[in-house]
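The values are calculated or read from the model by the stated rules, or taken from the named source; none is laboratory data. Since this is a predicted model, take the numbers as computed values, not measurements. Positions of Cβ are backbone-derived with ideal geometry, glycine not excepted, and every protein chain shown enters the neighbour counts. In case anyone asks, the SASA skips ligands and DNA or RNA and just uses the protein heavy atoms, side chains included. Shrake-Rupley method; radii C 1.70, N 1.55, O 1.52, S 1.80 Å.
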Amino acid sequence: MSAPAPSLFTPAAKAMAEKIGLKLGRANLEEFAATLEELAKANPNIIAVTSDSRGSGKLAPFGKALPKQIVEVGIAEQNLVGITAGLAACGKKSFGVSPGCFLTARSLEQIKNDVCYSDVPAVLIGISSGVSYGALGTTHHSLHDLAVLRAINNLTILVPADNFESRQAILAAARATHPVFVRFGKAPMYGLHAPAAHFEVGKAMTVREGNDVAFIATGETVVHALLAAGHLAERGVNCRVLSLHSIKPLDAPAILKAGRECKAVITVEEHMVHGGLGEACAAVLMQAGVSKPFRIVGFPDEETVPGAQADIFRHYGISMEGLSEMANRLLK
Amino acid sequence: MGKAALSHHALALKSIHLRRRTLEAIYNAGAGHTGGGLSCLDILNVLYNRVLDVSPETFGSPARDRYVQSKGHCVEALYAVLADRGFFPESDLKTLCHYQSHYVGHPTRHIPGIEMNTGALGHGLPICVGMALAGKMDSAHYRVFTLLGDGELAEGSNWEGGLAAAHYKLDNLVAILDHNTLQISGHTRDVMSNEPLDEKWRAFGWEVRSVNGHDYAALTQALTEPSPGKPVFIIANTVKGKGVSFMENVAKWHHGVPSEAELKQALAELDAAEAKLQNA
Ligand SMILES: [Mg+2]
C-alpha cells in the first residue's frame, strides 16, 4: 500500500469546512465520468475518445457499459483531437478525453484548427489538470492551458469548482453547438452549491456574499477561498467569493461589481499567473477604470516547487491560511 | 445522389480549363501554390467529376462522400474544381486573397463545398479517420477521402492517423498522396527522405495502390475499387507544375506566381493542348 496523498486541507481548514457546513464529495473527474455515462446511455450519438486514458479519465465503467461509444486512439494526442473533430463534423457529439498537460500542449494546433477554426461541436476534456499530478513533475502539469486556450478564438472554457458545477458543465457541453473545453482535477472536492443553484455558462456563481475582500477564484481553488472567507469572517472581515467556472466567456459584470463594491480583489487559480483568470480580471477592471488593491494568486514564473498538489498549493499560498493572510495584507 | 460521370475526353478538356482557372486565380491574387495545384489537379478533377458522391445540392446531406484537402495550400486548384462543379460562381475567384473575402489561401468552411478548415499540414488524415469512424458507427455508406502532399508526410500526425485507420479497418477511407517528389525547398528525398512509401504504408496495414496521377482511368480505378477491411493509400505519381512546360518539376513554382508574360505563355500552351485534343 502506498502512503495516501497529503490532504489539501489542514486540520484547521477541515474544521472550518465542517463549521460552514461543507460536505466532501467525489473528485470532479469522477462526477464528469458518471455524468457522461448517464448522458451517453440516453444518447447513442455521444462518443468518448481516449488516448490510453480511459483509466485516468475514470471512463473504464463507461467503456464497459457502452463499448460502441468509446474510441481508443492509443497514446497519440494529436490524433485524438483530429479524430474527435472528424467525429463531430459527421454528426457525433464527441468528447476527447486526455490529461490536460498533453491535450493542451502537444495537440494545441489540432485544438486551434480542427476544432475551433473549423467550428465543430466537439468537447475536449482536460483531465487531472493544473498540478493534480503534483509529484510527477512539470511534464505532467498544465499551468499554461488557460493562457493558450484563452488566446484561441471560438472556444468556451469551463473550469468547474465542485461536483455540482462539474455536472452542469458537462450538461452544457453536451448541448453546445460550438467547441467547449472543460478542465478537471482529480482530488475529492467539497460541495459549494445547493442542488437548486443556477448554473449558466458565462455567469459567475456567488458562493458567499461580502464587501471587504472579493475572492475571484476558479476550479479546485474556490473552496480554499471559501474557507479563507470563513476564517476571516470570524475576525470581522467579510469576503465575497465568486466561482468563475466560465473562463470564456468571462462574466465581466460580476467582476466589475466585485471590484466596485469590495475594498480589495484577490484572484485565485491553479495556473501560472501569466494569461489566466487573474490577468483576465485585471484587464476587465483596468479597462473600466476600477482600481482597487489587487493580487493574482497562482503559480509564479519559475520551475514549480516539487511536491504533491497539496504541498504545491500551500507553497504558493493557495490555502485557507495563505489566502487569509493575503487578504489581511491587502486591507492594511 | 450527386455523382458526375464524365468521359476521359471530357475530363481531359476539363483539366485544361481548370488549369487555366487555377493559374488566372493565382495571377490575379498575386499569391498561391502553382506547382502543387497543377500536380493535384487531375486527381481533383477525377474525384469531383467521377468518384465523389457529392454535389452543391447534396452537400448538406449526411450521406454525402467527404473530401478533406490535407495539403490545404493547393486550394486554388480545389476552388477551380468546386466553381466548375457549381458550388459557387467562378467570378468569386476574383476575390481570392482580397480584404474581407472568405477565399483565403487555404480551405475554410465559409466556402461552399469545403468540409474542414485545413492548411497546417498533418491534420487531414486524423480528421478523416474520425469521419470514417462516424460513418462506420452509423452504418452509413459514404466514403471519406483526403489528399496529402509528399513533403507533408514528415508530419508525425499522419502516421498516428495511419495506425488508427488500419486498427479500425476503415475501408471507407482513402488517402491520396500527391507524389510530385518536390516540396518548398527542393526534392523531398533531399529534405527528408520518406521512401519506400509503398512498403511503409503496407506495413502500416493499408492497401497501397501506385498510379500515374495524371491518368484518369488509373485514378478512377484506384479510387473506386473496394478494399474490404483496409483503408486505401494511393500513391499518385504526379509532376509538379504539370501542363505548363516551364513550370514542370521546378521547385521554385511551389508558390511562384506567374508574371503577365508567364501567364500568357502558360495559357498559350494550354490553348494549344486544347486544340490538339479537340482535333484528336
Ligand atoms: Mg510535394
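Taking the stated definitions as given, is A:Ser94 under 17 Å from A:Glu72 (Cβ atoms), touching a residue at least 24 places away in the same chain (Cβ under 8 Å) and more than 7 Å from every other protein chain (Cβ to nearest Cβ)? Judged against the criteria, A:Ser94 is a match. Taking the listed residues A:Ala169, A:Ala196, A:Ala151, A:Ala173, the one that is modelled with pLDDT under 95 and over 15 Å from A:Glu270 (Cα atoms) is A:Ala196, with no other qualifying.
Helices (runs of 4 or more DSSP H) fully within segment B:97-212 that include at least 2 residues being surrounded by fewer than 24 Cβ atoms within 10 Å (Cβ to Cβ) and within 14 Å of chain A (Cβ to nearest Cβ): B:124-137, B:156-167.
Pairing residues of segment B:10-21 that are hydroxyl-bearing (Ser, Thr, Tyr) with residues that are part of a helix (DSSP H, G or I) and modelled with pLDDT of 95 or more, at Cβ distances under 9 Å and at least 6 apart in sequence or on separate chains, gives B:Ser15/B:Leu41; B:Ser15/B:Asp42; B:Ser15/B:Asn45; B:Ser15/B:Tyr216. Within segment B:247-268, restricting attention to residues that are over 13 Å from B:Ile26 (Cβ atoms) and either among the β-branched types (Val, Ile, Thr) or open to solvent by 50 Å² or more (accessible area, probe 1.4 Å) (or both), the residue that is farthest from the chain's Cα centre (by Cα) is B:Ala261. Just so you know, in segment B:164-203 the residues that are among the small types (Gly, Ala, Ser), more than 24 Å from B:Ser39 (Cβ to Cβ) and out of contact with any strand residue (DSSP E or B) (no Cβ under 9 Å at 6 or more places or on another chain) include one that is farthest from the ligand (Cβ to nearest atom), and it is B:Ala166. Criterion applied to A:Ala12, A:Ala5 was being assigned to a loop (DSSP other than H, G, I, E, B) and in contact (Cβ under 8 Å) with a residue 60 or more places away in the chain, and the one residue passing it is A:Ala5. Being within 9 Å of the ligand (Cβ to nearest atom) and of a type outside the set (S, T, N, Q): is that true of B:Glu152 here? It is true that B:Glu152 is within 9 Å of the ligand (Cβ to nearest atom) and of a type outside the set (S, T, N, Q). Residues of segment A:77-98 that are open to solvent by less than 10 Å² (accessible area, probe 1.4 Å) and of a type in the set (Gly, Ala, Ser): A:Gly82, A:Ala85, A:Gly86, A:Ala88, A:Ser94, A:Gly96, A:Ser98.
Answer yes or no as to whether A:Ile125 is over 30 Å from A:Val297 (Cβ atoms) and surrounded by 21 or more Cβ atoms within 10 Å (Cβ to Cβ). Considered against the rule, which asks whether it is over 30 Å from A:Val297 (Cβ atoms) and surrounded by 21 or more Cβ atoms within 10 Å (Cβ to Cβ), A:Ile125 comes out as no. Scanning segment B:31-79 for residues that are without any contact (Cβ under 8 Å) to a residue 60 or more places away in the chain, more than 20 Å from B:Asp215 (Cα to Cα) and away from the ligand (no atom under 16 Å from the Cβ) yields a count of 8. Pull out all pairs, ordered by first then second residue, where Cβ-Cβ is under 8 Å, the residues are six or more apart or on different chains, the first lies in segment B:176-201 and is touching a residue at least 60 places away in the same chain (Cβ under 8 Å), and the second is open to solvent by 50 Å² or more (accessible area, probe 1.4 Å). Within 8 Å, the pairs are B:Leu182/B:Asn249; B:Gln183/B:Val191; B:Ile184/B:His255; B:Ser185/B:Val191; B:His187/B:Thr181. Screening A:Lys186 on (1) part of a helix (DSSP H, G or I); (2) among the charged types (D, E, K, R); (3) within 15 Å of A:Ser98 (Cα to Cα) shows it passes everything except condition (1). Evaluating A:Val49 against the criteria (1) at the interface with chain B (Cβ under 9 Å from one of its Cβ atoms); (2) in a helix (DSSP H, G or I); (3) not acidic (Asp, Glu) leaves one unmet condition, (2). In segment A:204-221, the residues that are in contact (Cβ under 8 Å) with a residue 12 or more places away in the chain reach residues that are surrounded by 24 or more Cβ atoms within 10 Å (Cβ to Cβ) and of a type in the set (S, T, N, Q) with C-beta atoms within less than 6 angstrom, at least six apart or across chains, in these pairs: A:Met205/A:Ser243; A:Val207/A:Ser243; A:Ile216/A:Thr267. The number of residues in segment A:105-122 being free of Cβ contacts under 8 Å to residues at least 60 places away in the same chain and either open to solvent by less than 10 Å² (accessible area, probe 1.4 Å) or farther than 19 Å from B:Leu125 by Cβ (or both) comes to 8.
Here A:Lys68 meets each of (1) within 14 Å of chain B (Cβ to nearest Cβ); (2) open to solvent by less than 10 Å² (accessible area, probe 1.4 Å) with one exception, condition (2). The single residue among B:Val75, B:Val54, B:Val81 that is crowded, with 22+ Cβ neighbours inside 10 Å, more than 12 Å from chain A (Cβ to nearest Cβ) and in a loop (DSSP other than H, G, I, E, B) turns out to be B:Val54.
Here's the yes/no breakdown for (1) over 20 Å from the mean Cα position of the chain (by Cα); (2) touching a residue at least 40 places away in the same chain (Cβ under 8 Å); (3) within 14 Å of chain A (Cβ to nearest Cβ); (4) more than 16 Å from the ligand (Cβ to nearest atom):
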{"residue": "B:Ser227", "(1), (2), (3), (4)": "yes, yes, no, yes"}
{"residue": "B:Pro231", "(1), (2), (3), (4)": "no, yes, yes, yes"}
{"residue": "B:Ile235", "(1), (2), (3), (4)": "no, yes, no, no"}
{"residue": "B:Ala272", "(1), (2), (3), (4)": "yes, no, no, yes"}
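Looking across segment A:135-184, just one residue is touching a helix residue (DSSP H, G or I) at 6+ places or on another chain (Cβ under 8 Å) and at positive phi, and that is A:Asn154.
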